[in-house]
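Read the structure below first, then the notes.
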Amino acid sequence: MMKRTTMLLVSLCLVLSGVSAQKQVKLVIAGRDGDYGNAMQIAVDAYTAKNPNIKFDVLKLSGDDVYQKTVIDLKSGTGTYDLILIDDPKALQYQQAGWLTDLDAMFKKAGKTLDSDFIPTVIDLCRYPNNAKGKLYSLPFVGNVSLFAYRADLFAKYGLAAPKTWDDVLSAAKIISEKESGVDGVSFRGVKGNPILTAFLPIFWSFGADFLDASGNPIVNSPEAVKALKFFLELAKYGPKSTPMNNTAQVRDGLLAGTVGIAPEVWPAWLGKIDDPNESKVVGKVKITKHPAEVKKSSPMIGIWHVAIPAASKNKDAAFDFLTFLTSKETQKLMVLKAGLPPSRVSVFEDKDVLGKYPWYPAILDALENGVARPRTLYWAEIENTMGALVQEALIGQKTPEQALNEANAKLAEILK
Amino acid sequence: MPSTLRSSRDRPFLPKIKKSFTYHSTTNRGLTGMKSKGKMQGKALFYWSILLPALIVMLWLTLYPMITVFLTSFQNYNYISGRRSWIGLGNYKNILADQVFLTSFKNTIVYCFSTTFLEVLLGTVLALVFYGNFRGKSVFTILLILPMMLSTMVVSSVWKTLFHYDIGLLNTILSRIGLVRVGWLIDPHIALWSIVLVDVWQWTPFAFIVMQAGLLSIPQEVFEASVVDGASYQQRLLRITLPILKDQILLLCLLRTIDTFKVFAKVFALTGGGPGNATETTSLFVYREAFQYFNLGRSSAASMITLAAVVLMSIFYLRKMLNSKEA
């Protein structure tokens, strides 16, 4: 009797494990926290509704964490993750190191082709080398780009025209700061490293400055750059005192609460609720555009995130199927409408429902087409942190703009050596 | 007086262990020639076989990584590109000339000593206060040790909100009573001290518990005798209590120094090393070099320098403790 029961149990176990091994696939996604995480979850839920046999483990990590975890895992080839998100300026090292699955081959294998709906400037960044002939290693998860937001009602109140140049922005910030009580003229992120540098870059570029010259030498202490940083510090005078500690939440919440006149650096995902009366006190009052120009044209920063399949993934086919679902028109539309995640397909930008909910969306397309990508180097993380720390030191008055940028240039030369 | 006390405290402690350890007594007998040599070797083998698994795990998890870090610190090793070459003392020279590292080292030292000093001081004072009897003592004791039980990340998030320049509780109170707002985390001259404050808030309870245990272990008779001899409170405190508690104080200093020297989570969560480099610490420097830039050579060299500093300080404390034992 005992023996038979054991036999039965063992065979039952075998059958069950056989069934689960056959059908159950678990995809591990190294994703982002916040709005990106919510959007990813929406896509995953929609996919599991159709494919109940695929299970997901969606990790919601900070930008630094996702980079750190994926680099360690991909380098060692463990294959922990089946899909990973990559911040655009870091894409080069993943592409160059051969850590990612060749998606051209995956498309061929699945009998599909890549459609031409993706914004050309964006999809080219997913190839290596970055042009139409490069090999495809990733697809754009989000067509992100920095934008410029200002309170149209306050501008009208004080007779200010829509800002065309950064000088217009400065004078408007001054007027709003002085005349409108309880409202800061400007508000931007001032945390050292990525946040403050990201806030600074649209000004940096449109003042005619750049990171590297044609032969790859750092030129961040050029007269143009110094002028840009001086302007940035001047602008900061009309911001809240807590700027050096302010990050996404503080800038976004200030904008929604109506305590910010001009937000010179905002991201589409922050603006999803700008016209939602439950969350926002400034419904219909905020105008969103690409950045003003100065000596050069408007230079919004491209901040797309790639989604790719690690070469070491053990579930490439399942991952690829989900990847095509994730970047399809329908899913992008779903993520836009439910989580405010900016798409990377032209057709979604032109979609009626999308434009109905976010009338300011053409600004993103405009900004993406004018956008500037950060320099493609293997050492971006180090460059960004170094320069972001020094720009903040200038902001809190520990260094003059010249000192900060000279030091940044010397350090960049050291890093790139 | 203190020396007799110390031995009376130590003596009942050691024999108890010896009695309960029967192996000890047999080995002793073996040493005096009662047992054969083979039996002794058997015993030794038995001890080794018990120790070995733990020893292997320890060697593998402590010694091996330490040697690897030591060797890597002499290399130019980028994890992403895989580029790896020997450069001798290059990393050390480079780091010791790096303004960011020097600032972070200075910050770590300032942070480490000020938190240790304040925690031990406050812990001792609190233990002395709680040595007396008053109503609600047990409730207060529990309340007092609560901060220690919270996770550092939770503590940091709570304090980050309290410290906020515009909406934080501290600044709201200050401005209500007519004082100027303080840039707790945004003023480069204050930020480090704000983090010191959080650590003192969180870890003074630990110092308090250790000191209280020490105080309670002092026999009442000593105090009674000194009172009969006409000693004042001050005399009892400085001549009896504190000298007896010297070991506890040194132990606390050692533990808190080692712990605070490694500070990472608080700085990471509260300021991220900012504003500027005002709250950079060596752990943060090592973390950034290793896990954001993947310069493993540089980060290894920085960890070796940190390790050397901690070892030096520990030796200082341990020697003090051992010396006081011998005296």
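What to note about this one:
- Orientation-averaged projection of region B:66-117 equals 5.0 nm² [convex hull of Cα atoms, one quarter of hull surface area].
- Nearest 10 degrees, 0 to 90: helix A:34-50 Cα axis against chain A principal axis: 30 degrees
- Cβ-derived FRET efficiency at R0 45 Å, residue B:151 paired with residue A:133, nearest 0.05: 0.30
- Euclidean distance of C-alpha centroids, region A:183-230 and region A:353-371, integer Å: 25 Å
- Loop trypsin sites (Lys or Arg not before Pro), region A:290-350, which have at most 15 other Cβ atoms in a 10 Å radius of their Cβ (DSSP): A:296, A:297, A:314
- In this simple spin-label model, placing a label point 7 Å from the Cα along the Cα-to-Cβ direction at both residue B:307 and residue A:107 gives a separation of 5.0 nm.
- For region A:325-417, the equivalent ellipsoid derived from the Cα gyration tensor has semi-axes of 39, 16, 11 Å, listed largest first.
- Once the Cα gyration tensor of region A:13-140 is diagonalised, semi-axes √(5λ) in Å: 27, 19, 16
- Folded to 0 to 90 degrees: helix A:2-23 orientation relative to chain A principal axis, Cα: 40 degrees
- Per-residue mean of foreign Cβ neighbours for A:389-396 is 4 (Cβ atoms of other chains, 10 Å radius).
- The trypsin sites (Lys or Arg not before Pro) of region B:225-327 that DSSP puts in a loop, and whose beta carbon has at most 16 other beta carbons within 10 Å, are B:262.
- DSSP beta bridges in the protein assembly as shown [antiparallel fraction, %, rounded to 5]: 65 percent
- Taking 22 Å as the limit for the C-alpha separation, the pairs A:60/A:357; B:106/B:246; A:192/A:237; A:90/A:296; A:50/A:75; A:230/B:160 exceed it in the case of A:60/A:357; B:106/B:246; A:90/A:296; A:50/A:75; A:230/B:160.
- FRET efficiency, residue A:398 to residue B:229 (Cβ-Cβ, R0 51 Å, nearest 0.05): 0.30
- Loop-located trypsin sites (Lys or Arg not before Pro) in region B:115-209 whose Cβ has at most 16 other Cβ within 10 Å (DSSP): B:135, B:181
- As a ratio to 2.2 N^0.38 Å, the alpha-carbon radius of gyration computed for region B:105-260 takes the value 1.25.
- Annotation: the protein assembly as shown has a Kirkwood hydrodynamic radius of 30.2 angstrom, from the mean reciprocal C-alpha pair distance.
- Per-bin percent of Cα-Cα distances, region A:220-360 [5 Å]: 2, 7, 13, 16, 16, 15, 11, 10, 7, 3, 1
- Per-selection metrics, chain A (Cα): Rg and Dmax in Å: 23.7, 93
- Sites excluded, GluC sites (Glu not before Pro) in DSSP loops with at most 13 other C-beta within 10 Å, longest stretch of chain A: A:1-278
- The equivalent ellipsoid that matches the C-alpha gyration tensor of chain B spans semi-axes of 41, 36, 17 angstrom, in descending order.
Each reported figure results from applying straightforward, stated rules to the coordinates on display, with no laboratory input. None of the values given here were measured: they were computed from a predicted structure. Backbone-built Cβ (ideal geometry, glycine too); neighbour counts: all protein chains shown.
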